[in-house]
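The structure appears below as structure tokens.
Please treat every number below as a calculation from the coordinates, not as lab data. Just so it is clear, the model here is predicted, and its values are computed rather than measured. Positions of Cβ are generated from backbone atoms using ideal geometry, with glycine treated the same way; all protein chains shown enter the neighbour counts.
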Amino acid sequence: MNRRRRRANPFRLVVLVLLVGAALYVNQVVVPATPPLFIPTPT
């Protein structure tokens, strides 16, 4: 049985690359800039 492979959808591929890029941006830029949670404050 020979099945023909479906071509990759270019729109789906672009969306996947954008999601990976956004995840890397958040991991590298946003997360280190946020202060740690639950630090006691002098109030």
Inset, instruction - At most 14 other Cβ atoms within 10 Å and a DSSP loop assignment: could you name the chymotrypsin sites (Phe, Trp or Tyr not before Pro) in the chain that fit? - result: PHE38
Inset, instruction - Within the chain, list the trypsin sites (Lys or Arg not before Pro) lying in a DSSP loop whose Cβ has at most 12 other Cβ atoms in a 10 Å radius. - result: ARG3, ARG4, ARG5, ARG6, ARG7
Legend entry - Answer label, with Rg and Dmax of the Cα atoms in Å calculated from the coordinates and candidates (i) 10.9, 33; (ii) 19.6, 64; (iii) 20.7, 73: (iii)
